[in-house]
1. Scan around residue B:94 for amide H atoms under 5 Å from its own, H built in the peptide plane at 1.01 Å from N, and keep only partners 5 or more places away or cross-chain.
2. Counting only C-alpha contacts under 8 Å and six or more residues apart, can you give the relative contact order of chain B as a whole percent?
3. First check a/c for segment A:173-323, with a ≥ b ≥ c the square roots of the eigenvalues of its C-alpha gyration tensor; if it is under 1.5, answer rounded, and if not, answer prolate when a/b is larger than b/c or oblate otherwise.
4. Which entries of A:2/A:212; A:195/A:357; A:20/B:111; A:20/B:135; A:20/A:358; B:115/B:144 have Cα-Cα distances beyond 21 Å here?
5. Near residue B:129, within a Cβ-to-Cβ distance under 14 Å, what is the net charge of the other residues, with Lys and Arg +1 and Asp and Glu -1?
6. Using a 10 Å cut-off on Cβ to Cβ distances, tally the other chain neighbours for every residue of B:105-111 and report the average as a whole number.
7. May I ask for the net charge around residue A:263, where only other residues with Cβ less than 14 Å from the Cβ of residue A:263 are counted and Lys, Arg are +1 while Asp, Glu are -1?
8. Which whole-angstrom value gives the distance between the alpha carbon centres of segment A:292-364 and segment A:66-96?
Amino acid sequence: MKRNFLSFVKKESLHILRDKRTMLVVMFIPIVLMILFGFAISTEVNNINIAVVAPNRTDGVTDAVNRLAANEYFTFKGYINQDEIDIQLRSGKVGAVVIFTPDYDKRVAQIFGGLPSTPAIQLIVDASNVNIAGAATAYLQSVLLGTASQQSMFETRMLFNPQMKSAYNFVPGLMGLIFILVCAMMTSVSIVREKEVGTMEVLLVSPVRPVKIIFAKMIPYFVISCIVLTIILLLAHFLLDVPMSGGIGGIVTISLIYLALSLSLGLFISTITSTQVAALLISAVVLMMPILMFSGLLFPIENLPKFFQVVSNIVPARWYIDATRKLMIQGVSILAVWKECIILIGMTIMLLVVSLKKFNDKLE
Amino acid sequence: MSDIVISVHNLTKRFGNFTAVDHITFDVQRGEIFGFLGANGAGKTTAMRMLCGLSYPTSGSGNVAGFDIMHEGEQIKRHIGYMSQRFSLYNELTVSENINLFAGIYGLSKKETTKRATQLLERLNLHSERNTLVKSLPLGWKQKLSFSIATIHNPEVVFLDEPTGGVDPVTRRQFWEMIYETANNGTTIFVTTHYMDEAEYCSRVSIMVDGEIRALDTPTNLKQKFNAMTMDDVFRTLARGAKRGE
């Protein structure tokens, strides 16, 4: 009975290949998302416009301003007067204004001499976007402190992602999202379509066991997902410079587990729905929202309210994204993420068992 | 041998309080064209599904092709063909691909498949269309193809669930010629329909009303018994008392 299994796989593959539009979407979406998140959408703070108020342009002041201007995060917009500050900020021409006191040099000397002094520099920052304001303040302080003294109380090293690139953060998250989209949505829709059109009835009357029907359906989608995985990894490494420091083997292993999980999820959806529209809606709403909200893709899980932190435990993407970040960025080996692997495998088995039980060979 | 291919005794199916099929009993002989008639909602499809192993009876017993419908569903599935009222082929596959798929499903060998496929295409005059996608065939052709594929593994019984819905009279006539040919080769045909002219083509006809079989005989005998000119009149007389609406 191996032959009937193979004819099924062939039929399913033909179905997918004939549906050029879906194929294109499946291949295209990951590429577009990767490029979009990798380049266009970024949480990094770049090109903050800076204006400077400096009544006394001493050497100390120009030195500080030159350092600001040379920094890639800032664009120096020139010197302005005290009374222009408000207009410049309000009009959005600048994001921050640096005000040097007239006796800047003297105050700096006092501060570093350990003598009591009032502040030497005032920073006025447009805080209408909290993220930008926070980052700008931190950058400004570190750059300006550097002018005053080479000595500092802290020595900070950003491990794993020294340039703080947001692509490093997004790539694992995107993978968690894309595979659910491709696998779960496509499998569930394709199974439900057969129910809707009526061909499922014919298959159930045939001597082929339901388990075979299902696995034959999953195989082509699994192959497609593997191609998508390859594309994503290549893009991530060569275009976005994401280090695969933990070794490609670990990343592929956990991704394959996650693919199996997504396929099982699709199968599960197909057993609880009877129309393609319903299957699509469930894949889109019930799967997408938790992935976006509770997986750490957009917001760190630690920032969620306690209740949602608990909820996030049942979102498979959370475990996958967590593990992939560790593997890709921290460069740990697959052994370090054994807990995530086991959780994902457990979820897969559970989904498979439940769906196979539900997907029996009786119509009623 | 004049053996019995389908034998059903007090077969009943309940959905909650609703009795879809109510203690039906009948036998079907080998090579017969058995018409299974009834208005929409009379319980035809439900009864047929039980015979095909698509649903379990609530009570009663039955045998199809020598296998028990309660316990030997898997065996039954190997020995029957099925054509549903909804379209049972894959639209996105070509004629040949559909044939190969179903031949594969029923475990035909590669050699056998090629042989059957050639025969089938020749009989339907579809040889030139073998690489056409099924969705671009006219409905009549699709249905003939569908029937041929349902019998590709030479089943003992073919179940046809309203096979000629939406087809013009000429094509229906051609379709019935195919059914005759298949029955002459010893395959039993079990067909549901609500076209009463088609009922005239059957060897024997059963008429279901409200889940029960109200009449079962040859079309000629039925017309005599109910003193009617056509099967349509017979059906109207019987269906008048129906309690279930559409």
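Nothing in this text is a laboratory measurement; each read-out follows from the coordinates by a stated rule. Just so you know, these numbers come straight off a predicted model, no measurement behind them. Reconstructed Cβ throughout: ideal geometry from the backbone, glycine too, with neighbour counts over all protein chains shown.
1. Distant-sequence amide H within range of residue B:94: B:134.
2. Relative contact order here is 27 percent.
3. oblate
4. Cα-Cα > 21 Å for A:20/B:111; A:20/A:358; rest within.
5. +3
6. Across B:105-111, the average partner-chain Cβ count within 10 Å equals 5.
7. 0
8. Using only Cα atoms, the two centres lie 46 Å from each other.
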